[in-house]
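Structure first, commentary second.
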């Protein structure tokens, strides 16, 4: 019987690939987050400020061709913002959860792991996009796209500074509600199309949850619209010049906060996904890029819903301008900076809630929506109407 | 051929059968539950076990007595050390072995350390079932400290094979008592966080209060034990009912709650952790710092007669019935395991609950499949 | 009013949970980066088994077969022959199948001469199961490389840099407490 060769010298000599994970680098990490934030800000300034200013000053917007190019460029830039936001938030969320849970989070790719998402995206791109046997092929592929596009559509209507908005819709609030509701279709269709029981249960739950939450959400938004006298988002922000809406509109704010967490499908309202109950729910059978689209949509929403909290209740872009002319470019850039900082704070709060709470049950969630939030939202709406009357009379 | 656990495809249009497990994140191992769902409501639930069956009792018949201790560890692998005790106690009784005082207290300290470790695993994975990821990492970090203390003395972490006939296998590491005291201080500081994250959390209370109610009579009839039984209002604890080792000399309370729901089962385990801290503190105080750690045991064990001994492990009443025929190998060993009995409650508790509740109830029963299937 | 109180109570409890989570942000992480940072393994830890030789290079093992009998999973195979030059036996073959070994250290427990010991050496993962079937040469080699090991008979032993073997100080010994306490009383 042949004896084995001694495995003694086969000890794995660790060979470092990339960066040394054992070295904590708080300085590098801080620098990376600053860069992330700075690049996002730069992208916002380019997309919302520079490009429209250029087109307007050259008068290109008057011709059909010029407008077409403008639209295409803006759409690409919006997509860029969405992608950058998702790439940043994924690594920031993982790092934050790591810090909270006494771990270090991703550490291997990039100094202190800050490039983790890039490699994640590359991995997902390289994966086989597998579809199980009894899926509905068309809807199965369409669903992630619907979800992503709906998240991405909301970005268009968000004003980031005075006069800086991609599409200054006069029904901006309704557009937001419509776009976010569209996202529910992606989730429900994706769950039903994959032909699995877990996905089907996830789709049921998604349907029940999103329908329940759209109503108080819309009513809370409506209260803000009534109070500020306009559905145009930039008007709403302008209306908060003296007093942020969070003070007079506190009840709609609470309703909106809870409802937007449910909209986001993060804990405590992650029922459609519920990996410990439904093994992933609506995205059980998704892999590769299809999964990545759901994932990206989730993180774009993790940026957009806090951004809407800021726009509707926390004074949007308002902040001290240090004597700058509000119509000047510098003032607008500063305003977009304020907007992004406020949004970052709210993103952090959303992540914090996600790290703390366990999950609700489906019927409790509907109870909360229909019996708790809906009356509260209606009360908020009436209050908003009274306040509006009071403001107009005085 | 239609056995009691078989379930035929449903003929009802509004019922969906779903196989939860054996690879499901919330079944804590290899349980398969065939669940009939009507929307989100569970209409029937049939547990299928046996995916981890390793023939423990038969293997043990072919092993000598000292060898068997190694196998008993492998039953409830989450609280590994505790499983050794009933078998060892039974054989000690049959041989008439005298256990020195120090060994008795050391056994109590290790026994309660493993209760803490096991309850921490339960708490972490249980909260994972409830959708909260953060407590999971906290509890596993705390458990790691227990296992490090145990490893320093016993030589292994989960399955240490440390108790032996007449006492414990080796004397403790010189740092042991200090380490344990340090850990208890550390853990006492961490406990309020667990209360804030779990028991006091309104979301958790909404999920747990009034869910999966197990009436007292039902619990007794099904042979439930441990925290599951005590949460239903029966103050039965083997440590009090038939004390072993140094437990008669130690003062502690048996936490009991009347409601019998998921919240009560969580509450009882929380209080048990607090009691364990008290027990270990007392035991450290009372342990003779020096002295023999092992009694005199005959070199060749010839065991004759039959004896049943039980202990209260983290999950309940674990018993071992040893029948010796006068040779160095047992004629028969029967283990009575708590998770197996508790698992019988699945159809009782799950039917009529919502699907999310089913997961919560399963995690509150805290089964470990090494011990269910043996 | 009671409804408001309830809601307030719930919000306060959630706030407490969030505060508990936030307190941990400042605490240092406990992550170990395994291949780069090795954990400290106590010498009593049953990571791997080794055969120890005396300082002069002869086997400690006296081929008494105690470990073979004590092994619950029966992975030890010993062949021996009578010592032609005197009494006792000479070890011919000592095979230990780590594939089925349960790491219970019963063999270490029964060894009368502390020939088979536990060492804290744990990096023996291999790609081929057959490579885990250790023979005497392999176990000897691990024993030769070990710096510190444990057996109940002699306690924790240390190999000095010059190759001599001696007992570790009582701070490392299981049961060293008695010695330490006695020393304190004497001082």
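Once a ≥ b ≥ c are taken as the square roots of the eigenvalues of the Cα gyration tensor of the range A:16-162, is the result rounded (a/c under 1.5), prolate (a/b larger than b/c) or oblate (a/b not larger than b/c)?
Numbers: a/c = 2.66, a/b = 1.34, b/c = 2.00.
Oblate, since a/c reaches 1.5 and b/c is not below a/b.
Can you tell me which of C:143, C:17, C:120 moves the most in a GNM of chain C? Springs connect C-alpha atoms under 10 Å apart. Result: C:17 has the largest fluctuation of those listed. Mean sequence separation of contacting Cα pairs (under 8 Å, at least six apart), scaled by the length of the range B:56-373, corresponds to a relative contact order of 28 percent.
Highest first, please rank the peptides B:341-352, A:213-224 by the mean number of other Cβ atoms sitting within 10 Å of their residues.
Numbers: B:341-352: 19.6, A:213-224: 24.0.
Highest-to-lowest ranking by the protection proxy: A:213-224, B:341-352.
In the elastic network of chain A, a GNM with C-alpha springs shorter than 10 Å, the most mobile of A:342, A:95, A:123 is A:123.
If the chain linking residue B:182 and residue B:48 were pulled fully straight, counting 0.36 nm for each residue of separation and taking away their Cα-Cα distance, it would gain 43.9 nm.
Across peptide B:155-167, the mean count of Cβ atoms from other chains lying within 10 Å of each residue's own Cβ comes to 3.
When only alpha carbons are used to place a centre, the range B:196-222 and the range B:276-296 end up 35 Å from one another. Inter-label distance, residue C:19 to residue C:93: 7.0 nm, where each label sits 7 Å from its Cα along the C-beta direction. The distance linking the range B:105-130 with the range C:77-98 is 45 Å (Cα centroid to Cα centroid, whole angstrom).
Relative to a virtual label point 7 Å from the Cα of residue A:20 in the Cα→beta-carbon direction, which members of the range C:17-36 show backbone nitrogen distances below 11 Å? None, by backbone N distance to the label point.
Note on residue A:142 and residue B:13: with the Förster distance fixed at 35 Å, the Cβ-Cβ geometry gives a FRET efficiency of about 0.75.
Show that you can apply the helix-only estimate: for chain C, add -39,500 (n - 2.57) for every DSSP H stretch of four or more residues, divide by all residues, and state [θ] at 222 nm to the nearest 500.
Values: 5 runs with 53 residues, N = 187.
Estimated from H runs of four or more residues: -8500 deg cm²/dmol.
Calculate for chain A the 222 nm mean residue ellipticity that helices alone would give, adding -39,500 (n - 2.57) per DSSP H run of length 4 or more and normalising by residue count, nearest 500 deg cm²/dmol.
-22000 deg cm²/dmol
Please say if chain B is rounded, prolate or oblate, where rounded means a/c under 1.5 for a ≥ b ≥ c the square roots of the C-alpha gyration tensor eigenvalues, and otherwise the choice is prolate for a/b larger than b/c and oblate otherwise? Oblate is the answer for chain B, as a/c is 1.5 or above yet b/c matches or exceeds a/b. Taken over the range B:233-348, the ratio of Cα radius of gyration to 2.2 N^0.38 Å equals 1.34.
Give the distance, in whole Å, between the Cα centre of the range B:26-61 and the Cα centre of the range C:131-187. Between the Cα centres of the range B:26-61 and the range C:131-187 lies a distance of 46 Å.
Shape class for the protein assembly as shown, computed from the alpha carbon gyration tensor (a ≥ b ≥ c): prolate, with a/c not under 1.5 and a/b above b/c. Under 16 Å from a label point set 7 Å out along the Cα-to-Cβ vector of residue B:148, the amide N atoms of the range B:104-124 belong to B:117.
Placing pseudo-labels 7 Å out from each Cα toward the beta carbon at residue A:46 and residue C:141 gives an inter-label distance of 5.9 nm. Taking other C-beta atoms within 10 Å as the exposure proxy, C:7, A:165, B:228 rank C:7, A:165, B:228 from fewest upward.
What FRET efficiency comes out for residue B:217 versus residue C:8 if R0 is 30 angstrom and r is the Cβ-Cβ distance? Round to the nearest 0.05. Present the calculation step by step, with values, prior to reporting the outcome.
Working: r = 39 Å, r/R0 = 1.30.
Taking R0 as 30 Å, the efficiency between residue B:217 and residue C:8 is 0.15.
What residue among B:68, B:133, B:149 has the largest mean-square fluctuation in a Gaussian network model of chain B, using Cα springs under 10 Å? Result: B:133 has the largest fluctuation of those listed.
If you plug the beta carbon distance of residue B:57 and residue B:101 into 1/(1 + (r/R0)^6) with R0 = 41 Å, you get a FRET efficiency near 0.80.
Inter-chain Cβ neighbour count for C:33-44, averaged per residue, equals 4 (cutoff 10 Å, partner chain atoms only). Highest mean first, the peptides A:302-315, B:25-38, B:287-300 sorted by other C-beta atoms within 10 Å per residue fall in the order A:302-315, B:25-38, B:287-300. Which residues does a label at residue A:28 reach in the range A:82-105, if reach means a backbone N under 19 Å from a point 7 Å past the Cα toward the Cβ? Answer for the range A:82-105: A:88, A:91-96, A:98-99, A:103-105. Simple spin-label estimate for residue C:181 and residue B:189 gives 2.9 nm between the two label positions (7 Å along the Cα-to-Cβ direction from each Cα). Among A:282, C:154, B:165, the order by Cβ neighbours within 10 angstrom, fewest to most, reads C:154, B:165, A:282.
Where a number appears in this text, it was derived from the coordinates with a stated rule and is not lab data. It should be emphasised that the depicted structure is a prediction, and the values quoted were computed from it without experimental measurement. Cβ: placed from backbone, ideal geometry, glycine included. Neighbour counts: every protein chain shown.
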